Amino acid sequence: MIVEDHPTMREAMRAVLEQSGFAIREAADGKSALAQVAERKPDVILLDLNIPGMSGEEILRTLKGDPQTSGIKVIIVTALGQDAEKKVRELGADEFFMKPFSPVGILQTVDRVLAAQPAEDGPPTEQ
């Protein structure tokens with residue numbers, strides 16, 4: 001799942017991930033992201049910190065604080081810089097990725113995070 005308010009950035013991430021066989025859902029704001037997660041939990045969320053309404057940090061805190069969603073892998077994808085990395089890692093982010101991103105880099109990051117997922121959760125199906 002991609003949570004990003006800029007359509008061009010969402011489309012770019014979607015294109016890279018779909019070309020590698022991932023099924024993608026998208027949300028442009030925090031409320032719709034959490035509503036989609038409640039309907040169907042993704043294996044991994046690529047989450048921007050600067051999104052309208054609920055911030056990415058608030059979404060991360062909500063996801064990691066709920067036993068129903070705490071196991072969802074979250075990759076922070078942001079242009080905010082390394083200063084934000086320590087804080088979001090403390091909140092439970094699984095990985096931190098700086099914009100602009102390289103297609104190879106984003107794929108390697110997603111693969112690395114999914115590989116850390118316990119085997120009993122089954123193969124990754126949707127991002």
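Expressed as a rounded percentage, what relative contact order does the chain have, with Cα pairs under 8 Å and six or more residues apart?
The normalised contact order for the chain reaches 27 percent.
Inverting the mean 1/r over all pairs of different Cα atoms, compute the Kirkwood radius of the range 18-75 and quote it in Å.
Hydrodynamic radius (Kirkwood, Cα only) of the range 18-75 equals 11.7 Å.
Ratio to report: Rg/Rh of the range 2-117, with Cα atoms as the point set and Rh obtained by the Kirkwood method; give two decimals.
That ratio equals 0.91.
Straight-line reach from Lys64: which lysines fall under 21 Å, measuring Cα to Cα and dropping same-chain residues less than 8 apart?
Filter leaves Lys31, Lys41, Lys73, Lys86, Lys87.
Kindly provide the helix-only [θ] at 222 nm of the chain, computed as the sum of -39,500 (n - 2.57) over DSSP H runs of four or more divided by all residues, to the nearest 500 deg cm²/dmol?
-13000 deg cm²/dmol
Work out how much length Lys64 to Asp111 would gain on full extension: take 0.36 nm times their residue separation and subtract the Cα-Cα distance, in nm to one decimal.
So the extension gain works out to 14.9 nm.
Readers should treat all values here as calculations from the given coordinates under stated rules, not as data from a laboratory. Computed from a prediction, not measured in an experiment: that's the story for all the values here.
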